[in-house]
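Visitor: Before I ask anything, here is the structure I am working with.
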Number of protein chains: 2
Amino acid sequence: MDEKNDKPLILEDFLPYRLAILSHTVSSLIARVYDKRFGLTIPEWRVIAIVGRFPGLSAVEVAERTMLDKVAVSRAVTKLIKAGRIDREFADADRRRSILTLSEDGRKVHDEVAPLALAMEEDLLHGLADEEIATLNTVIERLLVRARLISSP
Amino acid sequence: MDEKNDKPLILEDFLPYRLAILSHTVSSLIARVYDKRFGLTIPEWRVIAIVGRFPGLSAVEVAERTMLDKVAVSRAVTKLIKAGRIDREFADADRRRSILTLSEDGRKVHDEVAPLALAMEEDLLHGLADEEIATLNTVIERLLVRARLISSP
């Protein structure tokens, strides 16, 4: 067997898996903030954060930007609408396209969680040198560009 | 209002969200490899990769390590068992603890996807300097340690 092809997949050293673990761990950390205070799940908060940041997106566009499982996001949107935190308006008569916005209550949740989330980010980055943070941001950007380049037809 | 607390949450600059986008984009890139060849979804491949790397874990432990939505993982495990790619054995008489292992067919899928996944990782890292990759790995590790420190009681 070719030695090159013989390299085993050591999952814990595999960058895509390491990124998944890190992303999930960090998201779970931030979740402690809004779960305790508002009983929100990760998909629910992510929907609120996206609708708060990018008002006027369609439900489909919001779901895409959550980067989470579609079924889980759909459940989250339904729950947020029922709870009066998200408003849904239909953009055309045949109801094919719906636009999501934060309700007054949803805006309150957003504006209360946002500074706590930012404080948690700061706490997380504590101990990293400025140049390490800068390299991290550059590398994330370049990996994204590279991934999109590879995946484009 | 205090200026410090007034900093808005710019989602696209927020590290937890950037990590989620990167992790999802990279996982989707790898997914092209096994979706095309074997029709596997991201949760299905992740279950195969974890069971292949850590045989003898319980179904619950496998699900935890996928870092994905529990319902999505449960669906994936059921589908893989039905497709004969994963074997489930019950560890005790009352069937409370089940152990997952790769079937012969599952092992074949794993061993065929693994080198393609590793090649995709290499392609993804193409263009990054060795020291950038080293910093990335160090920072991932330190962020994980920090996140676990913050979240420990």
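Visitor: Can you name the residue in the range A:120-142 that is surrounded by fewer than 15 Cβ atoms within 10 Å (Cβ to Cβ) and of a type in the set (A, V, I, L, M, F, W, C) and is also nearest to the other protein chains (Cβ to nearest Cβ) among such residues?
Guide: A:I133
Visitor: In the list A:A114, A:A72, A:A83, which residue meets the criterion of being modelled with pLDDT of 95 or more, of a type in the set (G, A, S) and within 20 Å of the chain's Cα centre (by Cα)?
Guide: A:A114
Visitor: Name the residues in the range B:47-59 that are touching a residue at least 24 places away in the same chain (Cβ under 8 Å) and either within 20 Å of A:S23 (Cα to Cα) or more than 14 Å from the chain's Cα centre (by Cα) (or both), would you?
Guide: Quick first cut of the range B:47-59, residues touching a residue at least 24 places away in the same chain (Cβ under 8 Å) only: B:47-49, B:51-52, B:55-59.
Matches in the range B:47-59: B:V47, B:A49, B:P55, B:G56, B:L57, B:S58, B:A59.
Visitor: Please give the helices (runs of 4 or more DSSP H) falling wholly within the range B:1-119 in which 3 or more residues are surrounded by 16 or more Cβ atoms within 10 Å (Cβ to Cβ) and within 11 Å of another protein chain (Cβ to nearest Cβ).
Guide: Details: elements: B:15-38, B:42-53, B:59-66, B:70-82.
Correct list: B:15-38, B:42-53, B:70-82.
The values are calculated or read from the model by the stated rules, or taken from the named source; none is laboratory data. All values derive from a computational prediction rather than experimental measurement. Please note: Cβ atoms are built from the backbone with ideal geometry, for glycine as well, and neighbour counts cover all protein chains shown.
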